[in-house]
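Engineer: Quick one: structure below, then a few questions.
Bear in mind that the values in this text are calculations on the coordinates, not laboratory data. Predicted, not measured: the structure shown is a model, and the values here were computed from it. Every residue, glycine among them, receives a Cβ derived from its backbone with ideal geometry; neighbour counts consider all protein chains shown.
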Amino acid sequence: MPKVSIILGSKSDLPVADRAISILREFSVTFEISVASAHRTPKRVEELVEGSDASVFIAIAGLSAALPGVIASFTTKPVIGVPVSGKLNMDSVLSIVQMPAGVPVAAVGLDRGDNAAILAAEILAVSDERLAAALLEYRERQAEKVVEDSKEVVAGV
Ligand code: RP5
């Protein structure tokens, strides 16, 4: 049973989804992935959400990015929206952030499929000790890299 459902508004959003997929694979979090558009295939979005056993949704969309909000309208499971960059950028960011009261969507940064996957893992880790330990180790590795980077910068000046 997949723990995370990734839904893309369009196949063109795949590069952003790839960032999420590589993080989910790194943490051995099972996922399913599909393409469904809030505007072009609204019924398909409803069917996918209502038919999914996933615990967390990651919705990736650009332009007038209604997809995360529409997914949230069909479920009380957590929905993480990933705005996809384009000509304007603020269009997708605001479409995802500015949800009306009562139907929240968590928003990560522009094209940040990786952060969406980490946040999904953090949500799942509340009841998964293995995942919580893996996330802690990931943070420690990040911190070590900053220290190593600093040494390299100092040595190169
Ligand atoms: C959005 O419109 C999609 O999520 C995508 O980011 C954007 C462009 O879609 P395509 O015209 O490339 O299918 O709905």
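Engineer: Can you give me the Cα centroid spacing of segment 82-155 and segment 1-80 in angstrom?
Structural biologist: Segment 82-155 and segment 1-80 have Cα centres spaced 16 Å from each other.
Engineer: Related question: Could you line up LYS87, LYS3, LYS151 from fewest to most neighbouring Cβ atoms inside 10 Å?
Structural biologist: LYS87, LYS151, LYS3
Engineer: Here is a follow-up. Using the reciprocal of the averaged 1/r over all distinct C-alpha pairs, how large is the Kirkwood radius of segment 4-128 in Å?
Structural biologist: That comes to 13.9 Å for segment 4-128.
Engineer: Run the dipole for the chain about the Cα centre, Lys and Arg Cβ at +1, Asp and Glu Cβ at -1, nothing else charged, and hand back the magnitude in debye, nearest 20.
Structural biologist: 420
Engineer: For segment 4-128, what does the relative contact order come out to in percent, with C-alpha contacts under 8 Å and a separation of six or more?
Structural biologist: Relative contact order comes out at 28 percent.
Engineer: Based solely on its DSSP helices, what 222 nm [θ] is calculated for the chain when runs of n ≥ 4 H residues each add -39,500 (n - 2.57) and the sum is averaged over all residues, nearest 500 deg cm²/dmol?
Structural biologist: That calculation yields -15500 deg cm²/dmol at 222 nm.
Engineer: Same structure, new question: Which FRET efficiency, nearest 0.05, do ASP53 and ARG139 yield, Cβ-Cβ r, R0 35 Å?
Structural biologist: Efficiency, from the Cβ-Cβ distance: 0.75.
Engineer: Then there is this: Give the peptides 65-73, 109-117, 123-131, 48-56 in descending order of average Cβ contacts within 10 Å, highest first.
Structural biologist: Put in order of decreasing packing, that is 65-73, 109-117, 48-56, 123-131.
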